[in-house]
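*Asks:* First the structure, which I've put down as structure tokens, then a few questions once you've had a look.
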Amino acid sequence: GQNIDQPTEMTATEGAIVQINCTYQTSGFNGLFWYQQHAGEAPTFLSYNVLDGLEEKGRFSSFLSRSKGYSYLLLKELQMKDSASYLCAVRFTTGRRALTFGSGTRLQVQP
Amino acid sequence: SQTIHQWPATLVQPVGSPLSLECTVEGTSNPNLYWYRQAAGRGLQLLFYSVGIGQISSEVPQNLSASRPQDRQFILSSKKLLLSDSGFYLCAWSMSTDTQYFGPGTRLTVL
């Protein structure tokens, strides 16, 4: 199968740094996406990695290691509004132009 | 810029009734279009995707169907709803980069 694994829940403190991990099956890998989803809302795009390394976008960074089938999303200077679910999604070269989503990591930021 | 619309925002339907959810995209041509369902506290399940008018690929056999009568219109339908059809239905679009952008979603409750 094309399992994508990420922790179910995480808790962190306002102003701190948190790292959300994602592991996936490496066979057929063709790109990894991170989305943020606030409760009751649609997911919004955060980042895209297709090559190894770190992509930085303000307070958010995403890292990819293709050989290890591993990615993480790093959130710095946490704010209360960062409380949300974070979805890891992978594009596999299976012929269909769709993404396979993990179940998401629910992050709670505490004061 | 591109925008994606979904309606209705919320819907309560009895078991056995029909369903029609509509999604339209503005500001782009020949997008890839997707229908996802998200059960409460769960990840995104791909239902259908389309790469062009009249071209529909089904990911999960069930009592739902999809149609794409126009380039930027994607419709999700059912002849008879089941209790298990309750969930948050999300439409998304993408172009060549395959980054998917989601509409606001329809929350469906089947009673």
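The values are calculated or read from the model by the stated rules, or taken from the named source; none is laboratory data. Remember, it's a predicted structure, so these values are computed and weren't measured experimentally. Here the Cβ positions follow ideal geometry from the backbone for every residue, glycine too, while neighbour counts run over all protein chains shown. These area figures cover heavy atoms from the full protein model, side chains too; ligands, DNA and RNA do not enter into them. Shrake-Rupley method; radii C 1.70, N 1.55, O 1.52, S 1.80 Å.
*Asks:* Probe of 1.4 angstrom, ligands and nucleic acids ignored: what's the accessible area per residue over chain A, in square angstrom?
*Replies:* Here the residues of chain A average 48 Å² of exposed surface.
*Asks:* Mind giving me the FRET efficiency for residue B:71 and residue A:79? R0 is 35 Å, r the Cβ-Cβ distance, nearest 0.05 is fine.
*Replies:* The calculated FRET efficiency here is 0.30.
*Asks:* Now for a different question. With all protein chains present, how much of the accessible area of chain A (probe radius 1.4 Å) comes from carbon and sulfur, to the nearest whole percent?
*Replies:* With neighbouring chains kept in place, the figure for chain A is 46 percent.
*Asks:* Scan region B:1-108 for trypsin sites (Lys or Arg not before Pro) in coil per DSSP, keeping those whose Cβ has at most 13 other Cβ atoms within 10 Å, and list them by number.
*Replies:* B:42, B:79, B:80
*Asks:* Compute the Cα gyration tensor for region B:33-108, then decide on rounded, prolate or oblate, letting a ≥ b ≥ c be the square roots of its eigenvalues: rounded whenever a/c is under 1.5, prolate when a/b is larger than b/c in the other cases, and oblate in all that remain.
*Replies:* Note, shape of region B:33-108 comes out oblate.
*Asks:* Report residue B:25's accessible area, 1.4 Å probe, all protein chains in place, as a number in Å² to the nearest 10.
*Replies:* Number for this one is 10 Å².
*Asks:* Let me ask something else about it. For region A:102-111, what does the Karplus curve 6.51 cos²θ - 1.76 cosθ + 1.60, with θ = phi - 60°, yield as ³J(HN,Hα) per residue in whole Hz, taken in order and with x for Gly and Pro?
*Replies:* Residue by residue, region A:102-111 yields x, 6, x, 10, 8, 9, 10, 9, 9, x Hz.
*Asks:* With a 1.4 Å probe on protein heavy atoms only, work out how much accessible surface A and B bury together, total over both chains, in Å² to the nearest 100.
*Replies:* Looking at A and B, the buried total is near 1600 Å².
*Asks:* Now for a separate question. Could you state the number of Å between the C-alpha centres of region B:86-111 and region A:31-83?
*Replies:* Going from one Cα centre to the other spans 20 Å.
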